[in-house]
1. If you count, for each residue, the other Cβ atoms within 10 Å and average over each peptide, how do 315-321, 181-187 line up from highest to lowest?
2. Between residue 30 and residue 210, what is the label-to-label distance in nm when each label sits 7 Å out along the Cα-to-Cβ direction?
3. Computed FRET efficiency, Cβ-Cβ of residue 259 and residue 121, R0 35 Å: what is it to the nearest 0.05?
4. Which number gives the lysine pairs in the range 203-324 that have C-alpha atoms under 17 Å apart and are eight or more places apart or on different chains?
5. Using 11 Å as the cut-off for backbone N distance, which residues of the range 150-172 belong to the label zone defined by a point 7 Å from the Cα of residue 67 along Cα→Cβ?
6. Using the basic label-point model (7 angstrom from Cα toward the beta carbon), what is the residue 21 to residue 149 distance in nanometres?
7. Suppose all protein chains stay in the model; what accessible area per residue would a 1.4 Å probe give for the range 234-304, in Å²?
8. Given the whole protein assembly as supplied and a 1.4 Å probe, what does the accessible area of residue 147 come to in Å², nearest 10?
Amino acid sequence: MGQKSTKSKRRVSPQGHAHWEPDYDSTWEEEEEEGRPSKQKKQVKPVHLRDPRSITARSLQMYRRGYPQNRGPPMKVRTKTQSSSSSLADCFGGDNGDKNNSYYREETSDLTPNLDFYQNKTPFKPNGVKIQELLTNWRCDYDRLEKTHTYIQWLFPLREPGTNSSAKPLTLHEIQIMRRDRDVMRRFLAAYRLMLGFYGIELQDDETGKVRRAENWRERFHNLNNRSHNNLRITRILKCLGEMGFSHLQAPLVRFFLEETLCNNYLPNVGRSVLDYFMFTVRDKQERRKLVRYAWENYKPQEQFEWGPVEKLRNYRNGNWTGS
């Protein structure tokens, strides 16, 4: 028996007024988001607690800027093999990643649960499964991946709290170590492939981030289109890509979802999340501009597009300005 198409005639429709709100969208600012300061300090308006889109936009901007409100002095972590004055960052002795990429602590620590999990030393809580077992035995167990909700924060940790109280936010110290551990990076990429497969997507090239539909895409798209909690999972995955040094994988995945929602219309129930969330997880401002431009070009009806300034979108093509 053939599989039914998940294509629908429904289109993504805006909710509320069709007006771009620039307060927490730095996509079209000329200054860099990090490093070089603005020529004129912009007065930030307070978040409207009754406006979920305002809260979302501010949250995503804080993520793109590296959570500046959370920056503080480095935390000291002690183990049996470290002196009392050394921090985890000091263990590397500089930026020589090759020299230190096999770094492995003698003890686990409550201060580095995400690192310990990805080094296959401790299982994720509360299920008690280590990452290597998860990557091996859960890979095509789509029913378990759908119904279990505790693993996603462990596979894709963020520097912000989630709904699983047993998982802890990612720290800058963990990020520094994880990025330099080849086994951790290999497992992280495997976790990304695992979740893409769950959604009916295949990673073609881990250098460019190019993705395409997998062979079972109709079945998996049907699940994604009817299980809205996966939209939150994908947002988390995209944000974690940025934290773990795989920012180049963000834009190709978002572009894929824009095509499948706005152009092919196979995932109508995902479209709103693509526009509100997925696009604005992309940390590269130039790539984000291209995505917003692509979304504007393919949104119907175009006059109701509310995710960017129309006057700038008209003059922005192929990554360059074509007019004033």
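The values are calculated or read from the model by the stated rules, or taken from the named source; none is laboratory data. Keep in mind the model is a prediction, meaning the values are calculated, not measured. Backbone-built Cβ (ideal geometry, glycine too); neighbour counts: all protein chains shown. Heavy atoms of the whole protein, side chains included, go into the accessibility calculation; ligands, DNA and RNA do not. Shrake-Rupley method; radii C 1.70, N 1.55, O 1.52, S 1.80 Å.
1. Those peptides, ordered most packed to least, come out 181-187, 315-321.
2. It is 3.6 nm.
3. The computed FRET efficiency comes out at 0.30.
4. Count of close lysine pairs: 4.
5. Correct set: 157-162, 168-172.
6. Going by the 7 Å Cα→Cβ label model, 2.6 nm.
7. 28
8. Using a 1.4 Å probe on the heavy atoms, I get roughly 140 Å².
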